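This report concerns only the one structure given below.
The values are calculated or read from the model by the stated rules, or taken from the named source; none is laboratory data. Here the structure is a predicted model, which means the values were calculated and not measured. No Cβ is skipped: glycine too gets one built from the backbone with ideal geometry, and neighbour counts run over all protein chains shown.
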Amino acid sequence: MARHIRLFGLASLVVTDDPVEIAVFLQHPGLDREYAVAGPLINRIITGSVKRQFDLNGRYWLSLRSRHDPERKHSQLDLRQRLGGFSVAASWSPDVIEALGAYVAGAGSRDAANAALAYGAAFPFRSMTPGGDSGFNIAQYRQIFRLYRRINRARSPISPRGIFIRMNGGHIRARNALLRFMGGDPNGLHSVAVTLDNAITLLENMREAFGERRARKSPGLSAPANGLNAPFPWAEVRTAPVLVLRQARAAVMLPHVASRVPANTLVMMHMRDSLESGAPGGYELAAKSWSYCPATRYIHAFFGAVWQAALDCRTKAPNGNAMAQGAAA
């Protein structure tokens with residue numbers, strides 16, 4: 001059962017890492033993400049921080065607005081359709097897929113992989129921007145990755161580096177620079193500034209899974225038997241957001257919580273910790289929730305191409321040296 005942490009005047013938090021409870025909370029009509037800076041002290045600190053992080057010209061980021069926001073609904077549906085088109089066209093830079101494939105195969109550099117991941121997050125939105133360049137300029141995307149990292153570090157409430165970035169406004173400048181790079185598209189901003197964190201973990205999971213399969217290979221074991229030529233193992237390598245937050249705007253009785261929770265209670269769902277190997281397909285991207293990820297097809301296609309590139313890298317360069325040099329160039 002989910003834990004309800006209630007300290008009078010200080011906090012009212014529901015915390016869970018149970019996938020069944022999380023699936024219920026994601027759909028519960030009494031929970032939303034249009035956060036009010038209200039309630040006990042710790043709740044106000046958390047919601048105030050979230051609203052400051054995701055404020056864009058006085059409004060909450062489009063991709064993170066409430067379930068009833070009509071602009072968000074329209075944007076989410078439109079984006080799912082457009083990103084689905086990119087998954088079919090597979091028109092991303094081959095150099096990016098090669099660099100990421102080399103990294104998964106253990107032959108490429110992390111620096112090149114970071115730049116390539118930044119490209120993967122930005123590419124659809126750059127392509128949809130009039131005059132946007134969809135090519136892979138590695139120096140440019142290294143800078144984009146640094147902007148993401150600055151924003152991400154600023155989210156840490158107790159990190160000295162994060163405090164310094166917030167104090168001098170470095171995260172705001174980084175956010176504005178990313179927004180300009182995306183042609184003013186707030187969905188592109190979200191893709192790089194928020195979801196790139198999941199892409200980094202996903203890539204590391206792929207590298208680990210590929211290494212384990214390669215280690216199982218022996219002179220008497222064929223490639224299909226060791227699993228390297230099996231289909232892209234999405235269920236094994238997938239990941240989820242570290243934390244998903246919702247707020248009860250009115251007092252409500254929640255399933256899996258022993259007592260009624262007061263208004264402004266925050267529900268903290270540790271989705272990444274809750275992700276189990278047998279979790280239903282789509283759980284990691286909230287597929288059955290109103291807050292589903294519209295990039296699901298694009299993510300599957302893009303990282304599926306990376307997995308295939310890793311297989312090709314293993315075939316073409318068994319020792320990985322040539323590919324490592326090419327990816328790091």
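What residue, among those in region 96-125 that are part of a helix (DSSP H, G or I) and among the hydroxyl-bearing types (Ser, Thr, Tyr), is surrounded by the most Cβ atoms within 10 Å (Cβ to Cβ)?
Looking at residues that are part of a helix (DSSP H, G or I) and among the hydroxyl-bearing types (Ser, Thr, Tyr), I get TYR103.
Do we have any residue at all in region 83-100 that's among the polar types (S, T, N, Q), under 18 Å from the mean Cα position of the chain (by Cα) and modelled with pLDDT under 95?
Within region 83-100, one or more residues are among the polar types (S, T, N, Q), under 18 Å from the mean Cα position of the chain (by Cα) and modelled with pLDDT under 95.
Would it be correct to say that LEU266 is crowded, with 20+ Cβ neighbours inside 10 Å, within 30 Å of ARG6 (Cα to Cα) and touching a helix residue (DSSP H, G or I) at 6+ places or on another chain (Cβ under 6 Å)?
yes
Is region 68-91 home to any residue that is in contact (Cβ under 8 Å) with a residue 40 or more places away in the chain and either touching a Gly at 6+ places or on another chain (Cβ under 7 Å) or under 24 Å from ALA154 (Cβ atoms) (or both)?
no
Pick from GLY135, GLY58: which is touching a Ser or Thr at 6+ places or on another chain (Cβ under 9 Å) and small (Gly, Ala, Ser)?
GLY135
Of a type in the set (Gly, Ala, Ser) and modelled with pLDDT of 95 or more: which single residue out of GLY48, GLY108, GLY30 fits that description?
The unique qualifying residue is GLY30.
Taking into account only those residues within region 280-303 that are in contact (Cβ under 8 Å) with a residue 40 or more places away in the chain and surrounded by fewer than 16 Cβ atoms within 10 Å (Cβ to Cβ), which is farthest from ASP32 (Cα to Cα)?
Looking at the filtered set, the residue picked out is HIS300.
Take ILE172 and decide whether it is at pLDDT below 95 and surrounded by 15 or more Cβ atoms within 10 Å (Cβ to Cβ).
Yes; evaluated as a whole, the condition is true for this residue.
Quick one: GLU21 ticks every box in (1) in contact with a Pro (Cβ under 9 Å, 6 or more places away or on another chain); (2) free of Cβ contacts under 8 Å to residues at least 24 places away in the same chain; (3) of a type in the set (D, E, K, R) bar one, so which box is it?
The single condition GLU21 does not satisfy is (2).
Can you name the number of the only condition in (1) assigned to a helix (DSSP H, G or I); (2) touching a residue at least 40 places away in the same chain (Cβ under 8 Å) that GLY183 fails?
Every condition holds for GLY183 apart from (1).
Would it be correct to say that TYR141 is part of a helix (DSSP H, G or I), of a type in the set (Ser, Thr, Tyr) and over 22 Å from THR296 (Cβ atoms)?
Yes, satisfied.
Filter region 269-279 down to the residues that are surrounded by fewer than 20 Cβ atoms within 10 Å (Cβ to Cβ) and either in contact with a Pro (Cβ under 8 Å, 6 or more places away or on another chain) or in contact (Cβ under 8 Å) with a residue 40 or more places away in the chain (or both) and list them by number.
Once the filter is applied, which keeps residues that are surrounded by fewer than 20 Cβ atoms within 10 Å (Cβ to Cβ) and either in contact with a Pro (Cβ under 8 Å, 6 or more places away or on another chain) or in contact (Cβ under 8 Å) with a residue 40 or more places away in the chain (or both), region 269-279 yields HIS270, ARG272, ASP273, LEU275, GLU276, SER277, ALA279.
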